[in-house]
């Protein structure tokens, strides 16, 4: 039997990407169970970025890779709504409001300032922040 001091708790052995993707997966499936939605409706994830589609925030790729590793494929079993501010921070509140209007199950924000703006837009969707 292993020494209890040497046993790593299960969550401590996960990489940051795996942990973020597992949290997102749980948050995305919760509304389906709670609302008993038809099987044809896929959960929607909102992605809020200060950057642009052509110049994305590098650490967020780890989050999307983690989703793929867990079997979440954009356009198949999940829909990702991307909102890019194109470097213009003043656009973030309107983009966050658009994600709320689209009724996404989760908003992924690339950093703390973006997460704060997303949280100010609503108290309903969950907000997950990258720590890259």
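One table, with the values for the structure above:
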{"quantity": "Spans of helices (runs of 4 or more DSSP H) in segment 16-108 with at least 3 residues closer than 18 Å to residue 120 by Cβ, touching a helix residue (DSSP H, G or I) at 6+ places or on another chain (Cβ under 8 Å) and modelled with pLDDT of 85 or more", "calculated": "92-101"}
{"quantity": "Failed item in (1) in a loop (DSSP other than H, G, I, E, B); (2) farther than 22 Å from residue 41 by Cα; (3) at pLDDT 85 or above, with residue 123 passing the rest", "calculated": "(3)"}
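The values are calculated or read from the model by the stated rules, or taken from the named source; none is laboratory data. Just so you know, these numbers come straight off a predicted model, no measurement behind them. Every residue, glycine among them, receives a Cβ derived from its backbone with ideal geometry; neighbour counts consider all protein chains shown.
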